[in-house]
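The values are calculated or read from the model by the stated rules, or taken from the named source; none is laboratory data. It should be emphasised that the depicted structure is a prediction, and the values quoted were computed from it without experimental measurement. Neighbour counts run over all protein chains shown; Cβ positions are idealised from the backbone, glycine included. Side chains are part of the model used for accessible areas, which takes the heavy atoms of the whole protein and leaves out ligands, DNA and RNA. Shrake-Rupley method; radii C 1.70, N 1.55, O 1.52, S 1.80 Å.
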Amino acid sequence: MSNRFDWQSQLSGVYATFPEAQRKPVIGITGNYAEPDCKLGEAYYKSVLRAGGVPVIIPPLSDTDAILNTLEHIDGLLLSGGADYNPLYCGEEPQPGLGGINTERDMPELMLTQLAYNRQIPMLGICRGIQTLAMALGGHVRQSLPLTPSEGRGNLKHSQDARRSEPTHSVTIDPESTLYNIYKEVLHPLSSEGDRGRLLYVNSFHHQAVDDPGQRFRVTATAPDGVIEAMESREFKSIIGVQWHPECLDEGLPLFQWLVRQAAHYREACQLHQRVLTLDTHCDTPMLFSQGIDFGSRDPRILVDLHKMTEGHQDATIMVAYLPQPKIGETFSSLVHNPSADSPQPSAITPTEYADLIFDKIEAIVDEHKDYLSIARTPADLYKDKRDGRKSIMLGIENGLALNGSLQTLRHFAQRGIVYMTLCHNGDNDICDSARGCNTHGGVSLFGEQVIREMNRLGIMVDLSHAGEKSFYDALDISGQPIVCSHSSCRALRDHPRNLTDEQMRALAAAGGVMQVTLYPGFLRKEGEATVLDAMQHLEHAIQVMGIDHVGLGTDFDGDGGIRGLANSSELLNFTRQLMLRRYSERDIQAIWGGNFLRVMTQVQQVKE
């Protein structure tokens, strides 16, 4: 019989094998505050340990550095139970039924939850924790529950006097929910006639409850009186909130095992992003520079900024100078605003001048944040920036209108460092016909042929997103280098002239080019809301048609791109998690996440004089 007081033998056991410890997901648990102590019920941390995680307690501190550094070291977040929220946080005065509030916890946990959400960290909210999720992320919490049938659909008692391990009422679980899949082995029939496997018996110790989950969540379980008992993310994030206390129930462990699994997946995705270079090949953020945006803050007016790129573990993006195509009778200067927020709009501006102003603004932003941000011209620049801990911006032009009919202007933009030019936009120009044009040239014009050959000579990639079908095939014949489609999707899944047919995709791949699936909702589906699952469908169709070495991602963020689950740069980690769920190898994920595009860029730039 071993001596339980012999701690040295326990220590020797630590060094009996190597490595010393198996890396397990670290789960941060919000601590309760009871003056003057930070406390935590043992059932929380023991449940995390039993589920395979490593529990750490997060004290209720509003210090932003403390919160941010905590989030850097956890893989999952458990929002624990406790007192009510101060209703002033949602702009309400206290009602007579409000219980005791916990001022020390409210502000830290609201901030912690929002910041964890921005970073895609998996979260489980329990009792007060589900209310934290609602309060922080756009829902609403009712200060006190109805006590009589006249105030609600029943008189269910939600605050019990029983032991916490005793189930005291039932909840009905949505069979289409993650929660259902977690508990399906222990659910009970809803009725003798059918609908089996939807009822769960839970404990209950609360008198506040979520009465509106908001846009980010959907209700997944309700009590017999209609009170919301559980909700989960609508945005394909790993977030669940429950009103009961699973840590006290014999059947509560599966929920903690879910959290630990999601935390492990999150950690694996973060580690993968440390090893691979992640490049979004098309964003239109410069189009919004005239609004005076602040790229160094988390600016709600834009989908790509320094904070969102950091939260989404995104290394690089190609920012384009987008030029709208004037219609007959319109002038270009009437369609654009000066991108420099502190200078007046000129009375007239040429397309070339406008593109230069965009690039001037990007350079000014980079100079302002040069410790964290850099302009890259080559794939080698991107990898150096990643090693040095900086985000990268590459320059591109969307619409060859920027040349203003001059090959000399193309040389000027090559010197500025553009890596590609989209030949046209929504309307024919002097280079080629657009997918949304009038067949002005019957494909690529004579000037357009000169432009493509000069782009080949200067080491600038030819981008055929927005080009008409005839223009596409003409450009393939003219170009001596592989071409790219920086933000296009599959016409077989969404019949839209901006998307590529399977025949175009095969021809593109045969010529060594790449197609970057875009997140513009109308290019992913005709009706209903587009989600990350639609984007994955287009990506996998492209892989089936073209092969894994000819696809990638061009979000079109800030050019109306962005879908549920991939709404901005902070959510791009979700793209990687979807790839991992589909068992793509690290080599394939690197290829999709910019490797294919950079292969073409390297080949094109090698011929540069």
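Within the shell defined by Cβ-Cβ distances under 15 Å, the residues around Glu104 carry a net charge of -3, with Lys and Arg each +1 and Asp and Glu each -1. Look at the alpha carbon pairs under 8 Å that are at least 6 residues apart: their mean separation over the length of segment 322-433 gives a relative contact order of 28 percent. The listed residues Ser290, Ser488, once ranked by accessible area (1.4 Å probe) with the largest placed first, stand as Ser290, Ser488.
Between the labelled values (1) 120, 86, 41; (2) 84, 65, 53; (3) 78, 59, 57, the entry that holds Cα extents along the principal axes in Å as derived from this structure is (2). Applying the criteria of a DSSP loop state and at most 13 other Cβ atoms within 10 Å to the trypsin sites (Lys or Arg not before Pro) of segment 258-361 yields Arg301, Lys327. Taking label points 7 Å from Cα along the Cα-to-Cβ direction, Phe5 and Gln160 give a separation of 4.2 nm. The spacing between segment 111-135 and segment 397-459, judged by their C-alpha centroids, is 48 Å. When the helices of the chain are scored as -39500 (n - 2.57) per DSSP H run of n ≥ 4 and the total is divided over every residue, the value at 222 nm lands at -9500 deg cm²/dmol. Measuring between alpha carbons in the structure, the pairs from Lys370/Lys391; Lys237/Lys308; Lys24/Lys46; Lys361/Lys391; Lys308/Lys370; Lys24/Lys384 lying more than 20 angstrom apart are Lys24/Lys384. Given a Förster distance of 30 angstrom, what is the FRET efficiency for Asp502 paired with Lys327, based on the Cβ-Cβ distance and rounded to 0.05? That pair, Asp502 with Lys327, gives E of 0.40.
The mean sequence separation of alpha-carbon pairs under 8 Å and at least six residues apart, normalised by the residue count of the chain, gives a relative contact order of 11 percent. Between Ser144 and Val14, the modelled label-to-label distance comes to 5.2 nm, taking each label 7 Å out from Cα in the direction of the beta carbon. Neighbours of Ser570, meaning other residues whose beta-carbon lies under 10 angstrom from its beta-carbon, give a summed charge of 0 when Lys and Arg score +1 and Asp and Glu score -1.
What is the dipole size for the chain, taken about its Cα centre, with +1 at each Lys and Arg Cβ and -1 at each Asp and Glu Cβ, in debye to the nearest 20?
1320 debye
Placing +1 on the Cβ of every Lys and Arg and -1 on the Cβ of every Asp and Glu, with no other charges, gives segment 183-317 a dipole of roughly 280 debye about its Cα centre.
I'd like the GluC sites (Glu not before Pro) in segment 218-258 restricted to DSSP loop residues with at most 13 other Cβ atoms within 10 Å, sorted by number.
Numbers: sites: Glu229, Glu232, Glu235, Glu247, Glu251; in loops: Glu235, Glu251.
Filter output for segment 218-258: empty list.
Under a 5 Å amide H cut-off, with hydrogens placed 1.01 Å from N, Leu553 pairs with Thr281, Val517, Gly594 among residues at least 5 apart or on other chains.
Taking the Cα centre of segment 489-529 as origin and assigning +1 to Lys and Arg Cβ atoms and -1 to Asp and Glu Cβ atoms, the resulting dipole is close to 60 debye. Summing +1 for each Lys or Arg and -1 for each Asp or Glu among the other residues whose beta-carbon sits under 9 angstrom from that of Tyr322 gives -2.
Placing R0 at 30 angstrom, the Cβ-Cβ distance between Ala34 and Leu68 gives a FRET efficiency of 0.70 after rounding to 0.05. Seen against the Cα atoms of the chain and their longest principal axis, helix 253-275 is set at about 30 degrees. Annotation for Gln271 and Asp367: the two label points, set 7 Å from Cα along the Cα-Cβ direction, are 4.3 nm apart.
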